[in-house]
1. Which numbered condition trips up residue B:152, out of (1) buried (at least 17 other Cβ atoms within 10 Å of the Cβ); (2) free of Cβ contacts under 8 Å to residues at least 24 places away in the same chain; (3) more than 14 Å from chain A (Cβ to nearest Cβ)?
2. Out of the stretch A:138-158, which residues are at pLDDT below 95 and either outside any loop (DSSP other than H, G, I, E, B) or closer than 16 Å to residue A:89 by Cα (or both)?
3. Restricting the stretch B:155-181 to residues that are among the acidic types (Asp, Glu) and crowded, with 21+ Cβ neighbours inside 10 Å, which is nearest to the other protein chains (Cβ to nearest Cβ)?
4. Among the residues in the stretch A:216-232, are any of a type outside the set (A, V, I, L, M, F, W, C) and within 14 Å of chain B (Cβ to nearest Cβ)?
5. Please enumerate the residues belonging to the stretch A:389-416 that are of a type outside the set (A, V, I, L, M, F, W, C) and either more than 10 Å from chain B (Cβ to nearest Cβ) or closer than 24 Å to residue B:213 by Cβ (or both).
6. Quick check on this structure: which one of B:205, B:216 is within 14 Å of chain A (Cβ to nearest Cβ), in a loop (DSSP other than H, G, I, E, B), surrounded by fewer than 21 Cβ atoms within 10 Å (Cβ to Cβ) and of a type in the set (A, V, I, L, M)?
7. Would you confirm whether any residue within the stretch A:159-166 is assigned to a loop (DSSP other than H, G, I, E, B), touching a Gly at 6+ places or on another chain (Cβ under 6 Å) and within 22 Å of residue A:90 (Cα to Cα)?
8. Within the stretch A:355-367, restricting attention to residues that are polar (S, T, N, Q) and either within 15 Å of residue B:57 (Cα to Cα) or more than 23 Å from the chain's Cα centre (by Cα) (or both), which residue is nearest to the other protein chains (Cβ to nearest Cβ)?
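The values are calculated or read from the model by the stated rules, or taken from the named source; none is laboratory data. No experiment lies behind these values; they were computed from the predicted model shown. Cβ coordinates were reconstructed from backbone atoms using ideal geometry, including for glycine residues, and neighbour counts include every protein chain displayed.
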Amino acid sequence: MTPRPDKLSEPVATMPSLRRRIFTTDHRIIGIEYLILALTSVTIGAILSLLMRIHLVWPDRVLPFYGPILPEDYLAMVTIHGTIMLFFVLTTAPQAGFGNLILPAQIGARRMAFPVANAVSFWLTAVALVILLSSTFVPGGSAISGWTAYPPFSAVAGAGPGQGLGMDLWLASIAVFAIASTIGAINILVTIIKFRCEGMTWGRMPLTVWGWFTAALLSVIAFSVLLAALLLLFCDRHAGTGFFVPAGDLVSGVIHSGGHPGNGSPLLWLHLFWFFGHPEVYISILPGLGLTSMLLANFSRRRVFAYRTMIVTTLLIGFLGILLWGHHMFVAGLNPFAASAFAVSTMAIAIPASAKVLSWLATVWRSRPSYTTAMLFSIGFISLFITGGLSGPVLAQPILDEYLHNTFFVVAHFHLIMAMAAVFGLFAATYYWFPLMTGRMMSESLGRLHFWGTLVGAYATFLPMHITGLMGEPRHYAQLSGVANAAGQLLAGTLPLNRFITWSAIVLSTVQLVFFVNLFHSLRKGRSAPPNPWRATTLEWHPALHPNAPAEALEEATVVYRQPCEYRPTPGGELFLPQWSADTNPDIKPE
Amino acid sequence: MDLALQAASLLPAASLLPFDASAHGPAIDHHLLLNLWIILALAVLAHLILFIGLIARRRPEAKNWLIEYLPLAALALLFIFLSVRAERLWAAARYTGAEPTALQVQVVGEQFAWYFRYPGTDYTFGITRPQLVDAGAGNPLGIDPADPHGADDVVASELVLPANRQVDLRIDSLDVIHGFSVPEMRLKQDAIPGMTIHVHFTPKVPGTYAILCTQVCGLGHYRMNANLRVLPPSEFATWLAARQRAVQP
């Protein structure tokens, strides 16, 4: 059933060459390729964030083998950090990585709907990453306008170093990424709609699948708008159009009215970008929300509390997620009445999000769960989702956002809820599904060390940012010392706390070495995994769907008989019914 | 709730925020601190429930749907309460324009400086043209010499305002998007090229305050700032008259 570790090193007979193995259409291998891409990206993104933190508090330090970090270098790092983390980590890993790896099995499908498109989607993503990273080495360096690339700053090559070829490469990279993500999302949608096995009704689908489904719906809507916006911006840069550049715009002594007679609006880009950008953050967190519900139930040996409500809230978060982009624009020159409307839709999403938290609290309430590392990270996910989420309703109020917009309060908010919570979801997924990927278990003692270090490090890094933000520290500042005027005093006041944040970030990053040690050690020397080590009820643990199961097992049709997470205490121990179990027990009422 | 409000304003979190020198600021601070205390309490409460739920002895799972919907209803009421309060403050600040008697000042952002223009004795801003912008020749905003309204316009690199008089800022940018931010006035508005955006406020306490840029605008973003000097009205009149004489002797 579960592969013996010694079998793993043997070449698989159906894939003779390395080339066929890499350019495979096997969704599991594509999923692992996505995860390797995301792991590479997150390492680069984290190193960049460390360099930024160090530069922020010790701006005169010289980077070995590089030299002093100039303000434009700092902004290039901000831009690549944000772009790489949002797109190549938080979009690829939960959705494309674990989606490919686990989703077909969880609905009893043998493969994704479009295997070739799936491979194309991965390789386009890889090309997009290479294009993005290559922009570091062109004259002028990478783009410096942040991951949001507001025009005219991003529309005019003369607006700064990196805004020439670096910006073109950024646009190319994200356009390729948008195409890849759209293909991937269509693939996921069709797979879920058409490839569910017998008995896998919508109501029996695990919440992880609901997460992937909703995120894929959002991806199709959001990335197509982003692609259009990127093309318009490209035309503004190279085809003489003026979608986003107003007439008479004067940048670096040159008037940029282009060849066009019209009057473009930078706000149009903000609308298009945030129509993509806000759903994007839900794309990155929705699979984590689903996974957290499932893992909490699994390790608490209980049903997910209010399962149907959780399905509805997942869809509701997706639906409301496309209606509230304007809250990024409260002080951008939006009509003040529009700001009020967007404030209401933003507040509204707090309701389904709160329902999720209540369901998690009720699921684990008095359950005495088993504290595996995957469970610890899921509990950590709850904690970070609460702490990071609660500042959301504060920022949703335009009058408060006026003070807090683009301060470190916002940085703290989205790093806790989107970055840290989503990363905790990814860690939980890794510890939980590692046996399925490799046939081995990860070390639990190293896992616990990794969890506690990461939890403490994450809070120590991101909680104090609320305070520096309240003190008035703005984002994207290359340094806080050596600034003239009254602003200099205001910024310098945040330095002591900023030094603490930098030290915390160093600790947080160092702790991640434990994860890498665990990962690589367990890959080679980990304990061999028993079949279904977590006594899970979802289909990916079905013996016949296991990659190393005998071929004849694959021929058997998989049939689903029940919702996930059915556990009942019995006098003799625990009754534990996987979704594929046909057992009818008189104690259990039919659905 | 009033008692909670009183308590909120007494607690030391208030000292985190920069000094508040505007007329509308205290109400915002009050509402912000109320929000912060509420979310702090909710965070502690949720963590307590999580923690107690984890350590308490195992019990059969809960079936009662009220434990889902009652707290949800309470949270919804809380969010509505906060929204209504916030919307009233937002409406007061932004739904209507400035008083007709407000002092008119134009704010212009460019990489990487803020400029402030006063309309002069004719109370009218002269026409500007981007072709005429020449900071080296003393015309950083491109005021057209052919327009007589521009002849008496005063351009300064610091924003000087009289205390206790409403000011109507018209915010604009020459090149890219900038963020006009005055933390001590609890004021922030992006400067969008091609758009003129009005905000109004009343400075209360004389002093020197920071004006920052809060929208990434280029390599000098971090050092794009200016001083706001709030003066007693008589000193402001003296300052403006002196600047006026400098442009129109």
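1. (2)
2. Answer for the stretch A:138-158, where residues must be at pLDDT below 95 and either outside any loop (DSSP other than H, G, I, E, B) or closer than 16 Å to residue A:89 by Cα (or both): A:157, A:158.
3. B:175
4. no
5. Listed by number, the residues that qualify are A:391, A:397, A:398, A:401, A:402, A:403, A:405, A:406, A:407, A:413, A:415.
6. After ruling out the rest, the residue left standing is B:205.
7. Within the stretch A:159-166, not a single residue is assigned to a loop (DSSP other than H, G, I, E, B), touching a Gly at 6+ places or on another chain (Cβ under 6 Å) and within 22 Å of residue A:90 (Cα to Cα).
8. Going through the qualifying residues, I end up with A:367.
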